[in-house]
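Some notes on the structure that comes next.
Here, each number is a calculation from the coordinates, and none is a lab measurement. Nothing here was measured: the structure is a model prediction, and the numbers come from that model. A quick note on method: Cβ atoms are made from the backbone with ideal geometry, for glycine too, and the neighbour counts reach across all protein chains shown.
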């Protein structure tokens, strides 16, 4: 039960303002989710290096010497950039997944928020304005991003229970709604060897997408399959390295508004999340259809829509 | 002789199945005859752990009792102190739960209003709108906003004393209902904008919001319409009371009303009544925990309902952390429902006094759950009101008696430590020690 | 005309000011600027005033309206004109889900499209939509009229009671117990009147009428599959 915002930029001129625009949208959704907030932001790509965003409850001790320990484990140079309770570890290109696995033994008190080439995820417990301030989200640049404000329903209010959830290399997912079969699905996915940290229903949704894609599904196919296999009410917004997608359950009760101009595609749980975007008064504004997958990508046609039910 | 004896010895004693009992088999035959599930009124009839499984520890040497007829034991309670400009002040912590006009006759609603007002407490509307009978005779009236929105209108919203957003009720959490057509009289039908005599299929979700994030906005709208004056209650059926209480608070409720599975209903599926929800006893502590975790216990008030019958039940609910209780079935019994004086007529309906629960069929011999003019005429609202007032007084006196015996000068000072449990089940659900021990299942630190 | 800037005055002052308008007020014209998607704008009004909202609104705009005319020059969020009693609410843009939910009376005009569950449990309101309506529109609709100049989504009129539905375009599917019905002269008259009130130039003859088959009115086990 939450607020979701998303912004996919078509116009490169807006990239320096991505963090500022998203933060404004995020704070507007505070009433829908006062417990915790998070943002997934896709930033400039460094062709030589991939990155992991990590979090620690005691960052001063956890991050001290972490780069060196991970360098030793990987046998390759790793650098670290701190940002409050989070840090970005830069590892040689292609080693992100290996580094993620190494961290479990190298630094068990450090938790991986995301891994990939461009994705960084920042999330914490607290009001969205406070979370945005501690990470200085408004100053961040990037190509697209997704934000989430959480009103916890049944699982704990913790950093790990906050959204977005990282679902795979450069992939993330946020959710508004309530899944009703996440417990049995969690057991099934865990038997399949998928790592799930929390009792959060959304994490199961995210893990489900990861599992489908590990078994060869495209993101679009995984989202379509989710309409059959996930029970309950959901709006999902997913991010990938080159774009973002939206899917709503067949009942489609939880609110969702989208807007598109020549400069961007935006998603909000409510229209008021979008009101300060440039050119919003002339944007095409609509609500996504139930049981339908939408996807926008920098690499392919700007708008694709697929009806699946 | 020998033949007869061997015949006798070889015979099997007839054994009735404990699984396929006679009532079960009768229900199977009834289902096969009619093709529809059993619909009835009331709450769960099966035995579940209840307040009867708790006892109070009176004062003796380690604690001192109050004099029963001399020393003060206050019973007042204020509901809606969090945001509302005009909280509801009640003389006693026992309120009348929501019961619909339609399920009940107009005179029955009038009697509830008269009795509650005389005792200094509130009544509640139900699924079907507000009638003049109950507004006119209730000093404090809580107006329900239900999924069906039958009879919903802003004038009544403005003339009520508190607003109760009903998310669910203990008899059928997660369910709507179906009121069969027999009882839909002209007046009931017109209040609900429906043709006379047709079945009513009630919704299980509100038509214009889903989930706590939307509920917060719905509550904002209700407050804006009524100028932030009236307390907003949120009523839930007992299923996941910790989460539901937490979310009702987050959505902005002034009062949480929590209805356990023994809570009644006018009509719903028997399978729902008996197999969905938590016993009232098991609901209270998780809800109180949620209030405490948010730092709002006693600031957001908790009203508990579902099977409250005696002053001991009232005192036990309060001791477990409730601020007040609500009664429905007990109020109906007090005003004359299921009275043995109508036994001959109950027999004609194929039932017996005390077991009559086909409230939706509109043939109530006591004239309470009916819209039939002849049956209704049997019921005297003045007499009914007087009976309800008396009963509410007795509940209060009983609860005070217990509170004084435990050394308390206000019912609200009752606490879980005043209680012990007779059974392991009750000890676990109420989180109070098994009688004579310091222990209950699930106690932290063990 | 009075102008209220919602950004500076705040929602409480806005609604309190509008509620203070009496039956015989001289201040019948109000303009609200900077709504910016706010919720509960102009709710619970009960006076013959006209309120023009310059921009788009959030949830429950014009909720439980009586007498007043609330005109949104933009789009409206979920539950616009919910439980309206009388008066009118006009949306220049689109309306989100639950538009006109449980409305008892008055007229709701949506010049763009309406989303899902338009007219859910409507109880006497008239709704005129110039564009399309989404899935589950007129769900459990009890009475009143819904006019759709465009297309209707899935499960139109599911579990409908006595409301009348008029659709000019296609209907993706009909819900349980909803059927196409004969358009008789009296329906043409009702429709002509509503189209005129709703500012539509469509012709009544282009519409089809839908309503209840009344098979769910009294439980019959042979229809149980429709529940």
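Comparing B:385, B:68, B:328 in a Gaussian network model of chain B, where Cα atoms under 10 Å apart are tied by springs, the biggest mean-square fluctuation is seen for B:68. Across peptide C:154-161, the average count of Cβ atoms from other chains found within 10 Å of a residue's Cβ is 2. For chain B, modelled as a GNM with alpha-carbon contacts under 10 angstrom, which of B:294, B:371, B:347 fluctuates the most? The residue that fluctuates most here is B:347.
The overall shape of segment C:97-219, judged from the alpha-carbon gyration tensor, is rounded, with an a/c ratio under 1.5.
I'd like the FRET efficiency for residue A:218 and residue B:410, computed as 1/(1 + (r/R0)^6) with the beta carbon distance as r and R0 of 60 Å, rounded to 0.05. For residue A:218 and residue B:410, the calculated efficiency is 0.35. In the elastic network of chain C, a GNM with C-alpha springs shorter than 10 Å, the most mobile of C:25, C:102, C:69 is C:25.
Rounded to the nearest 500, the helix-only mean residue ellipticity at 222 nm of chain B stands at -10500 deg cm²/dmol, with each DSSP H run of n ≥ 4 adding -39,500 (n - 2.57). A crude spin-label estimate for the pair residue B:17 and residue C:189, with each label 7 Å from Cα along the Cβ direction, gives 6.3 nm. When both bridge partners sit in the protein assembly as shown, DSSP labels roughly 55% of those beta bridges antiparallel. Percent of C-alpha pairs per 10 Å bin in segment B:334-406, short distances first: 20, 39, 24, 13, 4. Expressed to the nearest 5 percent, the antiparallel share of DSSP beta bridges inside chain B is 30 percent.
Of the residues C:108, C:174, B:146, the one with the fewest other Cβ atoms within 10 Å heads the list, and the complete ranking is C:174, B:146, C:108.
Put in line by how crowded their Cβ is, counting other Cβ atoms within 10 Å and starting with the fewest, C:127, A:280 read A:280, C:127.
Relative to the current alpha-carbon distance between residue B:155 and residue B:374, full extension at 0.36 nm per residue lengthens the span by 75.7 nm. Taking every residue in C:51-61 and counting other chain Cβ atoms within 10 Å of its Cβ, the average works out to 4.
Assuming a viscosity of 1.567 mPa s and a temperature of 4 °C, what translational diffusion coefficient in µm² per second does Stokes-Einstein assign to chain B, Rh being the Kirkwood radius over Cα pairs? Roughly 57 µm²/s, to the nearest whole number. Peptide B:219-230 has a mean of 6 when you count, residue by residue, the C-beta atoms of other protein chains within 10 Å of its C-beta.
Take the Cβ atoms of residue C:214 and residue B:352, set R0 to 45 Å, and the FRET efficiency comes out at 0.75. If you line up the long axis of helix A:18-28 against the longest principal axis of chain A, both from Cα atoms, how many degrees apart are they, to the nearest 10? Long axis of A:18-28 versus the principal axis of chain A: about 60 degrees.
By other beta-carbon atoms within 10 Å, ranking B:408, C:19, B:275 with the fewest at the front produces B:275, C:19, B:408.
Using alpha carbon centroids, what distance separates segment C:53-107 and segment A:218-237, in Å? Here the two parts' Cα centres lie 33 Å apart.
Rounded to the nearest 10 degrees, the inclination of helix C:185-197 to the longest alpha-carbon principal axis of chain C is 20 degrees.
Only bridges whose two residues both fall in segment C:97-219 count here: according to DSSP, what percent of them are antiparallel, nearest 5?
30 percent
Shape descriptor for the protein assembly as shown: Rg over Rh equals 1.00 (Cα atoms; Rh from the Kirkwood inverse mean 1/r).
With both labels modelled 7 Å from their Cα along Cα-to-Cβ, the residue B:382 to residue A:229 distance reads 7.1 nm.
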